[in-house]
Amino acid sequence: DGGITQSPKYLFRKEGQNVTLSCEQNLNHDAMYWYRQDPGQGLRLIYYSQIVNDFQKGDIAEGYSVSREKKESFPLTVTSAQKNPTAFYLCASSDNRAYGYTFGSGTRLTVV
Amino acid sequence: EDKVVQSPLSLVVHEGDTVTLNCSYEVTNFRSLLWYKQEKKAPTFLFMLTSSGIEKKSGRLSSILDKKELFSILNITATQTGDSAVYLCAVCVGTASKLTFGTGTRLQVTL
């Protein structure tokens with residue numbers, strides 16, 4: 001079955017440590033996205049990539065980094081520069097046509 | 001700056017009631033408006049709307065878009081406890097297909 005796999009589902013880290021969230025898709029989608037969701041809020045765009053080896057900042061990119069070395073993979077690193085990293089992180093992909101937006105099941109990151 | 005506003009923020013109804021959720025937007029380079037249902041994890045897709053005045057329907061749920069007034073509604077008739085969730089409205093903008101989300105409406109359906 002085609003889809004997006006995010007791992008891990010739950011992640012705990014100590015303050016000051018970098019952590020990388022995995023996102024893999026086998027839908028052959030060109031575009032991939034990372035969103036962050038805080039309690040009681042909608043999703044906010046962190047980074048997106050429309051093609052391999054290219055990515056752009058979203059609305060809240062500070063303290064995050066990404067890479068897009070393969071079409072299937074778009075990992076997100078939450079760095080120690082991110083002031084409030086505890087949140088629910090969602091990865092998505094799109095075929096850039098009228099509709100083709102697919103979400104992963106999310107990673108809940110807790111920094112203690 | 002693109003903006004999507006949903007109302008109400010939360011709603012408690014009795015099973016069997018009909019509810020209307022609202023979504024207004026101000027964006028540049030509009031492509032489509034999408035509704036999602038989110039229970040615990042990832043949002044699940046409900047509807048995509050691109051044209052004004054054409055109602056999309058799926059069972060007890062329906063939605064319509066007004067591109068002149070920059071507004072969409074999501075209707076749920078004969079609500080059930082399984083409809084309890086956060087309903088997210090998102091607008092797809094630009095060639096990069098970025099989604100701008102509203103904060104969501106939290107619906108609770110009680111017996």
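Straight-distance candidates among the aspartates and glutamates for linking to residue A:57, with alpha-carbon spacing under 18 Å and chain neighbours fewer than 8 residues away dropped: A:30, A:69, B:1, B:2.
Accessible surface computed residue by residue for chain B, with neighbouring protein chains in place and a 1.4 Å probe, gives 49 Å² per residue.
Distance between the 7 Å Cα→Cβ label points at residue B:18 and residue A:13: 4.9 nm. Projected over all directions and averaged, the alpha-carbon convex hull of chain A occupies 6.8 nm².
Say the dipole of the stretch A:1-58 comes from +1 at the beta carbon of Lys and Arg and -1 at that of Asp and Glu; which of A:42, A:6, A:28 then lies farthest toward its positive end? Selected residue: A:42.
Extension gain, residue B:111-residue B:52: 0.36 nm per intervening residue step, less the Cα-Cα distance, totals 17.7 nm. Here the protein assembly as shown exposes an accessible surface that is 48 percent carbon and sulfur, computed with a 1.4 Å probe and the other protein chains kept in place.
Cα centroid distance between the stretch A:25-104 and the stretch B:30-92, in Å? Their Cα centres are 23 Å away from one another.
When all protein chains stay in place and ligands, DNA and RNA are ignored, the 1.4 Å accessible-area order of A:29, B:14, largest first, is B:14, A:29. Taking H placed 1.01 Å from N in the peptide plane, check which residues at least 5 places from residue B:17 or on another chain put their amide H under 5 Å from its amide H. It is B:79, by chain and number. If you wrap the Cα atoms of the protein assembly as shown in a convex hull and average its projected area over all directions, you get 12.5 nm².
About its Cα centre, the stretch A:14-112 has a charge dipole of approximately 160 debye under the convention of +1 per Lys or Arg Cβ and -1 per Asp or Glu Cβ, with nothing else charged.
For the pair A and B, the buried accessible area comes to roughly 1600 Å² in total, with a 1.4 Å probe and the value rounded to the nearest 100.
The values are calculated or read from the model by the stated rules, or taken from the named source; none is laboratory data. All figures in this text were calculated on a predicted structure; none of them were measured in a lab. Neighbour counts run over all protein chains shown; Cβ positions are idealised from the backbone, glycine included. Only protein heavy atoms, including side chains, enter the accessible area calculation; ligands, DNA and RNA are left aside. Shrake-Rupley method; radii C 1.70, N 1.55, O 1.52, S 1.80 Å.
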